[in-house]
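Visitor: Right, I'll just put the structure down here and ask away after.
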Amino acid sequence: MHELGGHTSILNPLFYLGSLAIGVGAGLLGDKWNLGFLEETEKQVESHLTEHLDLLPEHDNKSRAIVEQMRTDEINHAHMAHDAGAAELPQVVKATMKMTSKIMTSLTYKI
């Protein structure tokens, strides 16, 4: 990021604390739900990274390679969670996760 003149969000500490709280809550529900939350998170991050790839210039090979590797890692993490026994989350939970992610990314872009 620094090489490209960017910086991390000042909201990162808040996001980390929120993620920790959600992770603890999911963990208290049991392994299959915790893994289900992990699988869905990875799928949504993969989708977000795909959107970024679509916006990157074709000639920016360095950034594309980094984002493509991140995307591959997210796909693999989702498969591992699924294979370990992840429960399928209810649609309302998936939609809430997606909406929360949109709010977080919107705030990050503005601040």
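Visitor: Mean Kyte-Doolittle hydropathy of -0.5 or higher plus an axial Cα length of 20 Å or more: which whole DSSP H helices in the chain meet both?
Guide: Membrane-span-like by this rule: 12-28, 91-110.
Visitor: When only Cα pairs under 8 Å and 6 or more residues apart are kept, what is the percent relative contact order across the chain?
Guide: Averaging sequence separation for qualifying contacts and normalising by length gives 34 percent for the chain.
Visitor: Using +1 on the beta carbon of Lys and Arg, -1 on that of Asp and Glu, and nothing else charged, what's the dipole of the chain about the Cα centre, debye to 20?
Guide: 420 debye
Visitor: Tell me, in nm to one decimal, what length is gained between His48 and Ile10 on full extension, where the rule is 0.36 nm per residue of separation less the Cα-Cα distance?
Guide: Difference between extended and current length: 11.7 nm.
Visitor: Set the Förster distance to 22 Å, then compute FRET efficiency between Lys32 and Lys110 from the Cβ-Cβ distance, nearest 0.05.
Guide: So, using R0 = 22 Å, E works out to roughly 0.05.
Visitor: Starting with the fewest neighbours, write out His82, His2 ranked by other beta-carbon atoms found within 10 Å of each beta-carbon.
Guide: Neighbour counts put them in this order, fewest first: His2, His82.
Visitor: Give the total of Lys-Lys pairs in the chain with Cα-Cα distances below 17 Å; include a pair only if its members are 8 or more places apart or on different chains.
Guide: Number of lysine pairs found: 7.
Visitor: So what's the net charge close to Lys94: Lys and Arg +1, Asp and Glu -1, counting the other residues with Cβ under 11 Å from its Cβ? Don't jump to the answer; show the numbers that get you there.
Guide: Details: positive: Lys43, Lys98; negative: Glu39, Glu40, Glu88.
In short, -1.
Visitor: Let me ask something else about it. Using 16 Å as the cut-off for backbone N distance, which residues of the stretch 6-44 belong to the label zone defined by a point 7 Å from the Cα of Lys62 along Cα→Cβ?
Guide: 6-7
Visitor: Hey, if you put +1 on the Cβ of every Lys and Arg and -1 on every Asp and Glu Cβ in the stretch 45-111, which of Ala65, Ser106, Val92 ends up farthest toward the positive end of that dipole?
Guide: Going by the Cα projections, it comes out as Ser106.
Visitor: Tell me the mean residue ellipticity at 222 nm calculated for the chain from its helices only (DSSP H runs of n ≥ 4, each -39500 (n - 2.57), averaged over every residue, nearest 500). Please list the in-between numbers first.
Guide: Details: 4 runs with 85 residues, N = 111.
Taking each H run of at least 4 residues, the total per residue is -26500 deg cm²/dmol.
Visitor: Sorted from fewest to most neighbouring beta carbons within 10 Å, what does the list Lys110, Lys102 look like?
Guide: Numbers: Lys110 6, Lys102 11.
If I rank by nearby Cβ atoms, fewest first, I get Lys110, Lys102.
Visitor: Provide the gained length on full extension for the span Val93 to Leu55, in nm with one decimal, where the gain is 0.36 nm per separating residue minus the Cα-Cα distance.
Guide: 10.9 nm
Visitor: Using Cβ counts within 10 Å as a stand-in for footprinting exposure, how do His7, His48, His79 rank, fewest first? Before the final figure, lay out the partial values.
Guide: Working: His7 8, His48 16, His79 13.
Lowest count first: His7, His79, His48.
No lab work stands behind these numbers, since they all come straight from the coordinates. Please read all numbers here as calculations on a predicted model, not as lab measurements. No Cβ is skipped: glycine too gets one built from the backbone with ideal geometry, and neighbour counts run over all protein chains shown.
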